[in-house]
Amino acid sequence: MARKRQAAIAALITLGTTLVPASIASAAPVPAAAATPAVAAASAAPAAAPLASPDDPGTFVAPRATVKLGSSGAAVRTLQRRLNELGYYVGKVDGRYGGATQAAVWAFQKVQGLPVSSRVNRSVWRALENPKQPKALVPRGRPYRVEVNLTKQLMVLYRDGRPQLISHISSGSGIPYREWKVWNGKRQLFTGSARTPTGDFRTTWRRSGWHRSYLGELYNPIFFYGGIALHGSLSVPLYPASHGCVRLPMHVAQVLPKMLGTGVPVHVRGAFRRA
């Protein structure tokens, strides 16, 4: 059963879908009675792969081909390798432009100040040759930290003061919710603002795999403020859509627990403005 579920998730990621089953939603704060003790995590993240220097444009020569969601071939492999090298994790370099590659392209375009789309054209390739680093939200923050930019809908994991993992996210929608759910055997009313809190926090408890909250299921959640977590979701659109948590693409949520320990600072800044 578990294998079938994993296969279904992988298929959805590859197709770049943003559909989400009714049984899977984003997190909202967990009632105090449901709080769970912290689970110890590895205190040290793996050594960061060196990022390409923006001052050394000769390190990468881009192909001329335009690629987009659904493309395949050598140009896509080149794109995937380059994004991985720069910290925009796409997972396996397989030459197929699926949902994981699309999410990494979105994150890269946001950091570079480019229009966000699935198309990798001449302007995106040029930026891949001369990439900008993400602008730090907390320039004097600790070398090992997470920054969540609600304005750009980005998460950056810093290691040794340098970006190690950069990801597209979807944060709280800001649309108040009022939902009846069966929780602990009782039908209960849950309400909230659906806002991701801003401020300075630290990673606390976590769960491996799917974790059930009263508003749905969270994949590999790492909590940093009550029931607010960084977690994987099958739906991570280009706008805030959660009940308050920070949604991550599934392939990013698969690797983040090995990279992010307990007690690591999490800085949340900004506000998303809808067009």
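None of the figures in this text is laboratory data; all of them are computed from the coordinates on show. Since this is a predicted model, take the numbers as computed values, not measurements. All Cβ positions, even for glycine, are placed from backbone atoms using ideal geometry, and neighbour counts span all protein chains on display.
Charging the Cβ of each Asp and Glu at -1 and of each Lys and Arg at +1, and nothing else, the dipole of the stretch 65-129 about its Cα centre rounds to 120 debye. With only the Cα atoms considered, the stretch 166-275 has a convex hull volume of 108 Å³ per residue. Other residues with beta-carbon under 13 Å from the beta-carbon of LEU137 carry, at +1 per Lys or Arg and -1 per Asp or Glu, a net charge of +4. Quick one: if the Förster radius is 35 Å, what FRET efficiency do VAL138 and LYS68 give, using the C-beta to C-beta distance and rounding to 0.05? It comes to 0.50.
In this label model, LYS181 and ARG77 are separated by 4.4 nm, measuring between points 7 Å along each Cα→Cβ vector.
With respect to the cross-link table entries LYS68/LYS135; LYS181/LYS258; LYS68/LYS132, which display a Cα-Cα separation exceeding 31 Å?
Long pairs (Cα-Cα over 31 Å): LYS181/LYS258.
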